[in-house]
1. With a 10 Å cut-off between alpha carbons and a GNM built on the chain, which of 324, 192, 137 moves the most?
2. In a GNM of the chain with a 10 Å cut-off on Cα contacts, which of 219, 123, 256 has the highest mean-square fluctuation?
3. Hey, what D do you get for the stretch 204-302 in µm²/s if you plug the Kirkwood alpha-carbon radius into Stokes-Einstein at 25 °C and 0.890 mPa s?
4. Stretched out fully, how many nm does the piece from residue 67 to residue 352 gain, at 0.36 nm a residue minus the Cα gap?
5. Computed from these coordinates, which is percent of Cα pairs over 40 Å apart: [x] 10; [y] 25; [z] 34?
6. Restricting to Cα atoms and excluding each atom paired with itself, what does the Kirkwood estimate give for the stretch 25-175 in Å?
7. What is the calculated FRET efficiency for residue 30 to residue 212, with r their C-beta to C-beta distance and R₀ = 60 Å, to the nearest 0.05?
8. Contour minus end-to-end for residue 162 and residue 381, with contour as 0.36 nm per residue of separation and end-to-end as the Cα-Cα distance?
Amino acid sequence: MKLFLKMAAVACIAAIATGQASACKCGSNFHGKNTWELAKLEANGTSVIFEGMPERFEVQWNVLNAKEGELISSEDSADKYSHLPGMLVTFRVQRAYKGELGPEIQIKTGLGGGDCGAVFAAGLTYLVFASGPGVADLGVSMCSPGGWIGSQSVATELRYLRKERPLAGDLVPLRPWTAAEYAAQEGQRQRDFEDNQKRYAAVTGKICGNLTAEKLKDGNTGLLSFLSTAGYSPIEHPTANVNPNGSFCSGRLGPGKYYLYFARGSDTGMMSAVFYPGVTEKAKATTIEVSAGQTQSNISFEVPLQNTYSVRGIISTNDKSGLDSRNVYLSLISLDDGPFLQRYSQPVDFQSTLPFPKTKYFSFENVLPGRYIAYVSILGHGWYMKKEEVSVTTHSKFIFLQLEHRK
């Protein structure tokens, strides 16, 4: 599997630091007799409800916010969410149903994928059910009620919140279908799906074009990310594969401006990471505007060759007990503006005695130029390290890392 695809497949918070994946499973706390009663229970059990459009997306992680040399936690622990990365989404409130809300509100969620983070597209309006101890500390997940305002799945919730009369379908008792009943509804489900797709296509757009890059022996054509100028999750953002002939086309994108970001790698490391029209810095990139119901189809993206270097070093610890390759990962976390936080990662095993019992050598080859944090993630409590920034420019780097266990 190609390296950049490994990174793109990291779909949970823990995987950012460790490369391990977990799945999100949703289970509702509300069980109504019908969808109308369910909407009532959801509304009564939620702190804040509103219709709004996301305006800004920001990655929140204490590792990124810390100053160089500052002590940061290396714990990758499910019971300490403050140590894990997430998203802060700022909404412009269009209609409030519950809670004393101003014109804007900030909602916390995960990065997306296996961490249950909710996914929002820029330029679209959503019905949001958020909960928390106060308006200043609200969160949602992919399991929360609500969704895109035009989806049939939120129609009953909207009718209830807007104090409209329920439709006959809202009052039909909820019960498991028999196999025969489920099969009989297949045609209606397909029609509902196609209708939802048409309505979503009417309020979204696409970006299509052609990409030119040096062909690799392994046939890897690369991956394109479509990054909203309002911000984006490093895990859950729109992507599309590049076809063998160089053509590409995005999925449906919310209205607004986007950066195109091309990434390609191999088992030995990243080979390309550039913004459209072929630059390595986002500040020099050209944005592409997406309009509702329209397709931008004249994009020509030429990818330049990029040099790569090595980042090597030594990592030592004051306590190696329990530190093996299953629970210790060393990563290079990108500080630049691309979509992937974790660009390079490898396990570290302190159980061997070479070269020294509490000191290990590491080496990342084929590292693209950029700014990185050398970060160690450990499945355990009480682990810390000093934040170490690495700037890869025109030559290789050698660094020293120190892990400290505080009991």
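1. Of 324, 192, 137, the Gaussian network model singles out 192 as fluctuating most.
2. Taking springs between Cα atoms under 10 Å, the residue moving most is 219.
3. Numbers: Rh = 13.7 Å.
Diffusion coefficient, whole number: 179 µm²/s.
4. Length gained, residue 67 through residue 352: 99.3 nm.
5. [y]
6. On the way: mean 1/r = 0.0596 Å⁻¹.
Averaging 1/r across every pair of different Cα atoms and inverting gives 16.8 Å.
7. Details: r = 52 Å, r/R0 = 0.87.
In this case the efficiency is close to 0.70.
8. Working: separation 219, 0.36 × 219 = 78.84 nm, distance 4.80 nm.
Full-extension gain reported as 74.0 nm.
The numbers here are math on the coordinates, done by the rules we state, and not lab data. What you see is a predicted model, and the numbers here were worked out from it, not measured in a lab. We place every Cβ from the backbone using ideal geometry, glycine too, and count neighbours over all the protein chains shown.
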